[in-house]
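Undergrad: So that we are looking at the same thing, I have put the structure below in structure tokens.
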Amino acid sequence: MHAEVIAVGTEMLLGEITDTNSQVISEGLADLGINVYYHSLVGDNEARMTEVVKLAASRSDLVVISGGLGPTADDLTKQVVARYLKRDLVVDKAAMQKITAFFKKRKREMTPNNKIQAMYVQGALSLPNEVGLAVGNYYQDPNGADFLLLPGPPHEMQSMFEKTAKPLLAKQYQGQQVLNSRLLRFFGIGESNLVTKLADLIDEQANPTIAPYAKENEVTLRLTAAGHSDAEDARLLDELEEKITDRVGEYLYGYGENNSLPAVVVNKLRQRKLTLSASESLTGGSFQAAVTAIPGASEIFPGGFVTYAAEQKEKLLGIPADLIEKNGVVSRKTAIAMAENTRDLLQTDFAVSFTGAAGPDPLEGKPAGTVWIGLAGKNMVTQAKLYHFQYDRQRVRNSAVMTGFGMLNKALDK
């Protein structure tokens, strides 16, 4: 079973907004064991939409389209698909009542074009929209590709997709199989390196399948097993995960959609009743903001410092002026002194420090992206590591923050 995902909207072609729907849909289809072979993006043009729909239906078992279900003249998705299928559009009476009530409550005149939002392809299932007005469509074609039509606004699409469409697809396509997925999260290894190390396992595309996804500062692997029971799936996933961790286990830090690296670190500290502080120069408090964004952070984080200027490193952290003068702000010794003094001042179990050149200009002759990260902790020798991050100022800062969490996570695992 393979699918194609089509996003509709001229505004995306113009770069005014980003297509986030296709990613969400593809990840959801992967959960169901449905492979996505193609992504397409087309503007609000009837001829081009018809061309894209015909091509998708000729090469895929399922065509999922997001966008173009609204009431305006350029919302053409249902009309194009209905003409391709040689079907009429019919009105969902419950949806029509909802739209009428919507305008009546707001004491606004309902123009005739709003009726299109309550219409669906004849012979299809009309999918309710709990957070908007335009209904979705699911049409099964016994002689060709099936169609799933979803609204364009992300909050509407996600609600309909998760609550209605995914359960429907699971029922229609899974048959006697039980599908289960497991998301593995990796930090400290790039996608190309990870994929290279696991190439034979990925290329097999056996059962379970492996789908890699590159995200900012991390890579995830979604493993999907198809068996006759949850227990069989769990066994298959365990066996594959063991093969993966034998090769790249040192980079695996967590599981699941919402289990970020900062959350993993904060929760480990809480569970072990350990505390953390930080001092930041180039990152300007971003590390501490990431810590305190995690619920329960107050149990492990009493505070920290943001010391941009060398004078404040001396004044607030007590770093000797001659140490900075001799070694520079962007140096191993300054990073170590920042971490150790922060830990001593706030009496915490661990302290992380950041100093470097975020860019775009060099600092002390060091090119933009040069970063030292220090880590001090009880029962360990203070360490400082040099990194050379690339790209723009914000990405340098983000990479430094996540690398700080990665260093701390490794220390906690020792």
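Every read-out reported here was derived from the displayed coordinates using simple, explicitly stated rules and does not represent laboratory data. Note that the coordinates shown come from a computational prediction; the quantities given were computed from them, not determined experimentally. Neighbour counts are summed over all protein chains in view; Cβ atoms, including those assigned to glycine, are modelled from backbone coordinates with ideal geometry.
Undergrad: Where the centroid of each part is defined by its Cα atoms, how far is region 101-143 from region 16-72 in Å?
TA: Their Cα centres are 19 Å away from one another.
Undergrad: Residue 115 to residue 37: FRET efficiency via 1/(1 + (r/R0)^6), r the Cβ-Cβ distance, R0 45 Å, to the nearest 0.05?
TA: Approximately 0.80, to the nearest 0.05.
Undergrad: What distance in nm lies between label points placed 7 Å from Cα along the C-beta direction at residue 247 and residue 234?
TA: Distance between label points: 2.6 nm.
Undergrad: Hey, got the Cα dimensions of region 275-414 along the principal axes, in Å, largest first?
TA: So the three principal-axis extents are 39, 33, 25 Å.
Undergrad: Within the chain, which is the longest segment containing none of the GluC sites (Glu not before Pro) that sit in a DSSP loop and have at most 16 other Cβ atoms within 10 Å?
TA: Answer - 258-363.
Undergrad: May I pose another question? Would you be so kind as to identify which of 126, 164, 142 lies farthest towards the positive end of the dipole of region 115-183, taking Lys and Arg as +1 and Asp and Glu as -1 on Cβ and the Cα centre as origin?
TA: Ranked along the dipole, the leading option is 164.
Undergrad: Sticking with this one: Students often check this: by mean Cβ neighbours within 10 Å, which of 193-199, 71-77 ranks highest, and how do the rest follow?
TA: Put in order of decreasing packing, that is 71-77, 193-199.
Undergrad: Mind giving me the nanometre distance, one decimal, between the label points for residue 390 and residue 104, set 7 Å out from Cα along Cα→Cβ?
TA: Simple spin-label model gives 6.1 nm for this pair.
Undergrad: Given +1 on the Cβ of Lys and Arg, -1 on the Cβ of Asp and Glu, and no further charges, what dipole in debye does the chain carry about its Cα centre, rounded to the nearest 20?
TA: Computed charge dipole of the chain: roughly 960 debye.
Undergrad: Now for a separate question. Please compute the length gained on full extension between residue 166 and residue 364, using 0.36 nm multiplied by the number of residues separating them and subtracting their Cα-Cα distance.
TA: 65.8 nm
Undergrad: Another question, if that's okay. So how far, in whole Å, is the C-alpha centre of region 155-233 from the one of region 305-354?
TA: With region 155-233 and region 305-354 each reduced to a Cα centre, they are spaced 44 Å.
Undergrad: Then there is this: Given a Förster distance of 60 angstrom, what is the FRET efficiency for residue 325 paired with residue 258, based on the Cβ-Cβ distance and rounded to 0.05?
TA: Result of the calculation: an efficiency of 0.85.
Undergrad: Separate question: Would you calculate a helix-derived [θ] at 222 nm for the chain, using -39,500 (n - 2.57) for each DSSP H run of n ≥ 4 and dividing by the full residue count, to the nearest 500?
TA: -12000 deg cm²/dmol
Undergrad: Same structure, new question: Quick check: residue separation of residue 378 and residue 410 times 0.36 nm, minus the Cα distance between them. What number comes out in nm?
TA: Using 0.36 nm per residue and subtracting the Cα-Cα distance, I get 10.1 nm.
Undergrad: Then there's this: So between residue 207 and residue 130, what do we pick up on full extension, going 0.36 nm a residue minus the alpha carbon distance?
TA: Gain on stretching residue 207 to residue 130: 24.2 nm.
Undergrad: Further question on the same structure: Name the residue farthest towards the positive end of the dipole of the chain from the options 352, 317, 117, assuming +1 on Cβ of Lys and Arg, -1 on Cβ of Asp and Glu, about the Cα centre.
TA: 317
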